[in-house]
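Enquirer: After the structure tokens below, expect a handful of questions from me.
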Amino acid sequence: MKALTWMALLWAWLGLVACGTQAEAASAPVPYRGSAPPTPDFLTDAANLAAGQELYQRHCAACHGQTGRGDGPAGHALTLKPPNLADPSLTGKPLDYWFWRISEGGAAEPFHARGSVMPAWKYHLSETERWQVIAYARTLGNAEAK
């Protein structure tokens, strides 16, 4: 009986830890909070979308997949699988969250502790290029609607 009680407490604690971890990842940390694209129409500009698509195909598709579903060939071998970028729980995240995740990659917690190996793209892509990738990646959620 005591073993069952302890096991129930352990599962409850693990559930709280998991929920806390998800909550931590729900918004961008202070250095990125409020980050926004260079102009109001940046994310819908055809040139930015085209540039973002090219950057995505070159740097992101190997892990995240051609359509962003997390099914890229390199992603299959990873311990922490790349997320489905078209999932509404991700597409609905604020822009500063996207900018933070792409900028810091897997070095950001709680993702590092989970085993993320996503590169910190702030070292490889300019701010404009990161916003272009975001512009394109956010269209992936609309692919099924087309």
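Enquirer: Identify, by number, the condition in (1) surrounded by 14 or more Cβ atoms within 10 Å (Cβ to Cβ); (2) at pLDDT below 95; (3) not aliphatic (A, V, I, L, M) that residue 142 doesn't meet.
Expert: It fails just one condition, (1).
Enquirer: Out of curiosity, is residue 56 modelled with pLDDT of 95 or more, touching a Ser or Thr at 6+ places or on another chain (Cβ under 9 Å) and among the aromatic types (Phe, Trp, Tyr)?
Expert: Working: modelled with pLDDT of 95 or more: yes; touching a Ser or Thr at 6+ places or on another chain (Cβ under 9 Å): no; among the aromatic types (Phe, Trp, Tyr): yes.
No.
Enquirer: Is there any pair linking a residue in region 54-65 that is closer than 17 Å to residue 125 by Cα and surrounded by 14 or more Cβ atoms within 10 Å (Cβ to Cβ) to one that is at pLDDT 95 or above and polar (S, T, N, Q), with Cβ under 7 Å and at least six apart or on different chains, and which?
Expert: 55/132
Enquirer: Say whether the condition of being in contact (Cβ under 8 Å) with a residue 60 or more places away in the chain, closer than 21 Å to residue 29 by Cα and among the hydroxyl-bearing types (Ser, Thr, Tyr) is met by at least one residue in region 118-135.
Expert: Yes, region 118-135 contains a residue that is in contact (Cβ under 8 Å) with a residue 60 or more places away in the chain, closer than 21 Å to residue 29 by Cα and among the hydroxyl-bearing types (Ser, Thr, Tyr).
Enquirer: Now for a separate question. Could you list, in sequence order, the residues of region 25-47 that are part of a loop (DSSP other than H, G, I, E, B), aliphatic (A, V, I, L, M) and touching a residue at least 12 places away in the same chain (Cβ under 8 Å)? Outline the logic, then answer.
Expert: First, the residues of region 25-47 that are part of a loop (DSSP other than H, G, I, E, B): 25-41, 45.
This time we only want the ones that are aliphatic (A, V, I, L, M), so: 25-26, 28, 30, 36.
Selection gives 25, 26, 28, 36.
Enquirer: If I ask for residues that are of a type in the set (A, V, I, L, M), modelled with pLDDT of 70 or more and out of contact with any helix residue (DSSP H, G or I) (no Cβ under 8 Å at 6 or more places or on another chain), which ones from region 6-49 would you list?
Expert: 30, 46, 47
Enquirer: Here are the criteria: (1) under 11 Å from the mean Cα position of the chain (by Cα); (2) farther than 18 Å from residue 71 by Cα. Tell me which single one residue 106 does not satisfy.
Expert: Every condition holds for residue 106 apart from (2).
Enquirer: Out of region 104-128, which residues are assigned to a helix (DSSP H, G or I), at pLDDT 95 or above and buried (at least 18 other Cβ atoms within 10 Å of the Cβ)?
Expert: Listed by number, the residues that qualify are 104, 105, 121.
Enquirer: Which condition breaks for residue 50 when tested against (1) under 18 Å from residue 122 (Cα atoms); (2) assigned to a helix (DSSP H, G or I)?
Expert: Failing condition for residue 50: (1).
The values are calculated or read from the model by the stated rules, or taken from the named source; none is laboratory data. Keep in mind that this is a model prediction, so the values were computed, not measured. Cβ: placed from backbone, ideal geometry, glycine included. Neighbour counts: every protein chain shown.
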